[in-house]
Ligand code: S3P
C-alpha cells in the first residue's frame with residue numbers, strides 16, 4: 001500500500017491477477033454482529049460473542065453501548081457484553097457517534113425511543129446525508145420525540161444528527177413504505193418497550209436476523225416470513241432477554257467480493273468457510289449461479305437459527321448476463337456492487353432493477369457503480385432504480401483511479417474489477433475497514449498481487 005501525492009488516503013495498486021486459489025474465512029457478519037452487541041446489552045446477564053465482525057461499523061455500535069453504560073470487552077473476534085436489560089441503559093452525556101453505520105443509528109434510535117431520557121445520535125458526513133424521516137414517522141406515532149436537521153430532498157424527512165426523547169411508547173400497526181431490516185428492527189426494539197402490541201408489515205422480506213436472534217434469546221416476538229409480518233407483544237414480559245452465547249457466522253457480503261473475484265479471474269478456485277447462508281441474504285449466490293458461475297454451496301451448521309456453511313467458486317469461462325430484480329435484488333442488496341463487476345465482464349447485457357434503496361446507502365450506489373464501470377470502459381445506462389451494463393465478454397477493463405465516495409463496497413468492487421486489467425488501478429482503501437479490514441490480506445493470500 002502506498003500514499004500517493006495529493007491523496008489523503010492510502011492507495012492500493014491493483015493490476016492483472018494470477019489465479020486466486022485456496023480456502024479462507026471472512027470476518028463475522030456485520031449485520032449479525034450489530035445485533036449480537038445490542039441484544040447482548042439487553043440480556044439479563046453476561047453474553048459471550050464469538051466471531052464478532054472486526055469492522056469500523058461494529059466498533060461504532062460497541063462504543064455507543066459503552067457510552068450508554070454497558071460494560072463490554074472486545075478482544076479480537078471475541079467479546080463479552082454484560083447485559084443490563086432495557087431498564088439498565090443510562091443516559092449518555094455526550095452524543096453517540098455512529099460513524100459510517102446506518103444500522104447503528106437506526107437500531108439505536110428504536111432502542112432509545114423507549115428509554116425515558118434524551119439521546120443524540122450523530123454520524124460522519126455520509127451517514128449525515130441518509131434519510132431518517134422513515135424512522136421518525138413510526139417512532140413518533142408510538143409516542144417518542146425525534147428531531148433532526150430538515151431533509152431538503154424529502155418534505156417530511158429529517159437528517160442526522162437525531163435527538164430522541166424517549167419513553168411512554170404505545171404499540172402500533174404499521175406498514176413499512178420500504179423493505180428495510182434497519183427500519184423493522186428499530187420498530188421491533190421500540191415495540192418491545194411499548195404498552196400493548198406492535199405489528200409491522202413489510203412490502204418485501206428484508207434480512208431477518210433480528211427476528212431470528214430475538215426469538216433465540218426468548219423475546220416475545222412472532223414472525224411470519226411468508227406474510228412478511230412481525231408481531232411484538234411485551235405484555236407480562238420481564239423486559240430481559242435470555243443470556244446465551246452467540247456465534248456470529250462469516251459475512252456473506254464480504255465473501256461476495258472474493259467469490260466474484262474467483263468467478264472472473266481465469267484459473268481461480270476459492271472456498272470461503274463458515275459463512276452465513278441466511279436465505280434473505282443469499283441472492284448473490286443465486287445471481288452468480290444464474291450467470292453460469294461454477295458455484296457449490298454446502299450448509300455445515302446452524303447457529304441461533306442462522307444457516308452456516310461453505311461456498312466454493314471455480315472459474316469456468318465467461319459468465320452469462322443476468323437480470324437482477326424484484327426479490328432477488330432485495331436478497332442481494334449489499335452485493336450489487338460486486339455483482340455489477342461480474343456483469344461487466346459477462347457475455348451480453350445485464351439488467352439491475354428495483355434498487356432505488358441503493359441511492360441512499362453509504363453513497364448513491366447506483367451513481368457510484370455506473371461511474372466506476374464507465375471509468376473502466378463499460379457501456380452502462382443508468383435509470384432511477386437501477387442500471388444496465390453491456391458485458392465485455394472478456395475484454396479487459398481500463399485502469400485508472402477508483403472514486404469510492406467513502407463507500408467501502410465501491411472501493412472493494414473497484415479493486416476486484418482491477419484484477420482483470422492490464423493497466424494499474426489505484427484504489428483509495430481507507431474505508432474498506434468499515435466492513436472488511438482483512439480484504440486485501442485475504443486476496444493476497446489467495447494469490448493476488450496488490451501493492
Ligand atoms: C442492514 C440492512 C440493510 C443493509 C445494511 C445492513 C441491517 O439496510 O443494506 O447494509 O443490518 O439491518 P436497509 O435496512 O436500509 O435496507
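The values are calculated or read from the model by the stated rules, or taken from the named source; none is laboratory data. Since the structure is predicted, the reported quantities are computational estimates derived from the model, not experimental observations. With ideal geometry, Cβ positions are generated from the backbone for all residues, glycine too; neighbour counts draw on all protein chains shown.
Being within 19 Å of residue 156 (Cα to Cα), surrounded by 19 or more Cβ atoms within 10 Å (Cβ to Cβ) and at pLDDT 95 or above is true for just one of 114, 123, 110, 99. Which residue is that?
Exactly one of 114, 123, 110, 99 is within 19 Å of residue 156 (Cα to Cα), surrounded by 19 or more Cβ atoms within 10 Å (Cβ to Cβ) and at pLDDT 95 or above, namely 110.
Which of the strands (runs of 3 or more DSSP E) contained wholly in the stretch 263-325 include at least 3 residues that are at pLDDT below 95 and not assigned by TED's automatic domain parsing to the domain that holds residue 346?
The strands (runs of 3 or more DSSP E) meeting that bar number zero.
May I ask you to list the residues in the stretch 202-218 that are free of Cβ contacts under 8 Å to residues at least 60 places away in the same chain and away from the ligand (no atom under 15 Å from the Cβ)? It would help to see each step written out before you state the result.
Of the stretch 202-218, the ones free of Cβ contacts under 8 Å to residues at least 60 places away in the same chain are 202-203, 211, 218.
Residue satisfying the conditions is 218 alone.
Mind checking which helices (runs of 4 or more DSSP H) fall wholly inside the stretch 333-446 and carry at least 1 residues that are under 20 Å from residue 124 (Cα atoms) and within 15 Å of the ligand (Cβ to nearest atom)? Step through it out loud before you land on a result.
Working: elements: 336-344, 365-375, 408-418, 439-446.
Output list reads 365-375, 408-418.
If the Cβ limit is 7 Å and pairs must be 6+ apart or interchain, which residue in the stretch 256-270 that is at positive phi pairs with which residue that is at pLDDT 95 or above?
Listed pairs, sorted by first residue: 267/19; 267/315.
Check 102, 88 and return the single one that is out of contact with any strand residue (DSSP E or B) (no Cβ under 8 Å at 6 or more places or on another chain) and within 14 Å of the ligand (Cβ to nearest atom).
Of the residues listed, the single one that is out of contact with any strand residue (DSSP E or B) (no Cβ under 8 Å at 6 or more places or on another chain) and within 14 Å of the ligand (Cβ to nearest atom) is 102.
Please report, ordered by residue number, the strands (runs of 3 or more DSSP E) entirely within the stretch 1-86 with at least 1 residues that are closer than 30 Å to residue 428 by Cα and under 22 Å from the mean Cα position of the chain (by Cα).
Hits in the stretch 1-86: 21-25, 72-75, 78-82.
Residues that are within 16 Å of the ligand (Cβ to nearest atom), in contact with a helix residue (DSSP H, G or I) (Cβ under 8 Å, 6 or more places away or on another chain) and assigned to a strand (DSSP E or B): does the stretch 114-121 have at least one?
If we filter the stretch 114-121 for residues that are within 16 Å of the ligand (Cβ to nearest atom), which is where we start, we get 121.
Among the residues that remain, those that are also in contact with a helix residue (DSSP H, G or I) (Cβ under 8 Å, 6 or more places away or on another chain) are: 121.
Pick out the ones that are also assigned to a strand (DSSP E or B) and you get 121.
The answer is yes; a qualifying residue exists.
Take the residues in the stretch 388-406 that are surrounded by fewer than 24 Cβ atoms within 10 Å (Cβ to Cβ) and within 28 Å of residue 178 (Cα to Cα), then tell me which one is modelled with the highest pLDDT. Break it down stepwise before answering.
Of all residues in the stretch 388-406, those surrounded by fewer than 24 Cβ atoms within 10 Å (Cβ to Cβ) come to 388, 390-396, 398-401, 403, 405-406.
Checking the rest, the ones that are also within 28 Å of residue 178 (Cα to Cα) come to 388, 405-406.
Details: 388: 98, 405: 93, 406: 92.
If we take residues in the stretch 388-406 being surrounded by fewer than 24 Cβ atoms within 10 Å (Cβ to Cβ) and within 28 Å of residue 178 (Cα to Cα), then 388 is modelled with the highest pLDDT.
Taking interchain pairs and intrachain pairs at least six residues apart, which have beta carbon atoms under 7 angstrom, with the first residue in the stretch 169-186 and not assigned by TED's automatic domain parsing to the domain that holds residue 213 and the second within 15 Å of the ligand (Cβ to nearest atom) and in a loop (DSSP other than H, G, I, E, B)?
Within 7 Å, no pair qualifies.
Only residues that are within 17 Å of residue 360 (Cβ to Cβ) and in a loop (DSSP other than H, G, I, E, B): list them for the stretch 141-156, please.
151, 152, 153, 154, 155, 156
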